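Please treat every number below as a calculation from the coordinates, not as lab data. Being a predicted model, the structure only gives us computed values, none of them experimental. With ideal geometry, Cβ positions are generated from the backbone for all residues, glycine too; neighbour counts draw on all protein chains shown.
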Amino acid sequence: MALMATRTKLAKVLTSVLPKSRSGSGSLSGSSPFGAVKGLSSSSAVAANVQSDVMPSRYMGLDMLGVKDYEDYRRSLYGEITHKAVLVDAVGTLVVPSQPMAEIYRKIGEKYGVEYSEAEILYRYRRAYGQPWGKSRLRYVNDGRPFWQYIVSYSTGCSDSQYFEELYNYYMTDKAWHIVDPDSEKVFEALRKSGVKLAIVSNFDTRLRPLLKALNCENWFDAVAVSAEVAAEKPNPTIFLKACELLGVKPEDAVHIGDDRRNDIWGARDAGCDAWLWGSDVHSFREVAERIGVKV
C-alpha cells in the first residue's frame, strides 16, 4: 500500500512538472556475469518496466530536467532527506571485467576449437543476449547455467561442456574482475561508521557471492540482493525493495548507484529510491559519500 501511494503521488507530481516531450537522454548499456558489454538492451528489462505503474518515459523527462530539478522534485515528495542507505550495482559500478569478454572467450576457446574472431564473437554475443529468454524472461535463475550455455554456444559455435565449465568458473575468480574505484573500501568503511547501511543490488546469478569473496569485498556490505535469489531482475522495483527490506530502511531513505540508466536509475526511482548514475551524476564513491554528507 505504501509503494502504491508513493507511485500515485509520484505520478501526480511528474504530470505537473515534466515537459510533454517523451524523448530521453543518455545511452543504454548492458552488463553480464560473463563480461560486461556496453550497448546491449535487455528485453527482460523492457518487460519488467512495462509492469511498472510509472512508465520509464516519465523518468526520461526527469533526466532532461537535470540533477538540481530532480532533487527539488524529491524534496517536494519527502522533504529534506539524509540518506540512510546506499545501494550499489555490481558489474560496471563496483567491479568491471579485467579483459574484454570476446578476448577471453577466444583465448580459452582456442584449445576447444573455437575459430571465430573476437569481433565475430562480440557480434554473436550481442545478438544472443538481446533475444527473449524463456517464459519468465529471467536470465539469472539460480546458477544461470542454461542461459549461459546458450550464450557461450551461440557466441563461439562451440558447445563443448568442458569449454563452458572452464569459462563459467573463470568468471567467478579475481582474475576475471577488479574493483573499479581503489578508494571503495575506505569510503564504504566511513559510510558504515557514520551509520549508513550498504547493499549490493545486482542482476547476477549465484556466482556473485563467491566472486565478492574472491575479491575480498563481501564484508563491505550489510546485505546482497541478487536477482538469482530474489527472482526479479532490474529494472523491476522488487529487487530494490528487497534490498531496502534486508537493510531495514524505507525506499525513500536509500540512494542507488549504478551505471545503467534503465536498469539502475529508472528501476530504483520506480521503487521510490533516489538514484545517481555512475559516471555522470557521480564519478567515485568518495563523491557519493560527500553528497550524503559523510567525510572520508
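What to note about this one:
- Options V180, N236, A223, ranked by Cα towards positive dipole end of segment 179-242, top entry (Cβ charges): A223
- Amide H partners (placed H, <5 Å) of W177, local residues excluded: S98
- Summed side-chain charge close to G195 - residues other than G195 whose Cβ falls under 14 Å, Lys, Arg +1, Asp, Glu -1: +2
- Within segment 143-161, backbone nitrogen closer than 20 Å to the virtual label 7 Å beyond the Cα of E115 toward Cβ: 152-161
- Remark: relative contact order (segment 98-176) = 39 percent; criterion is Cα-Cα distance under 8 angstrom and separation of 6 or more residues.
- Cα gyration tensor shape for segment 188-296, rounded if a/c is under 1.5, else prolate or oblate: rounded
- For the set K175/K234; K107/K175; K213/K295, the pairs lying more than 24 angstrom apart at their alpha carbons are K175/K234; K213/K295.
- The tail of the calculated P(r) for segment 98-176 beyond 20 Å holds 29 percent of all Cα-Cα pairs.
- Applying 0.36 nm per residue to the separation of S161 and R137 and subtracting their alpha-carbon distance, the gain on full extension is 6.2 nm.
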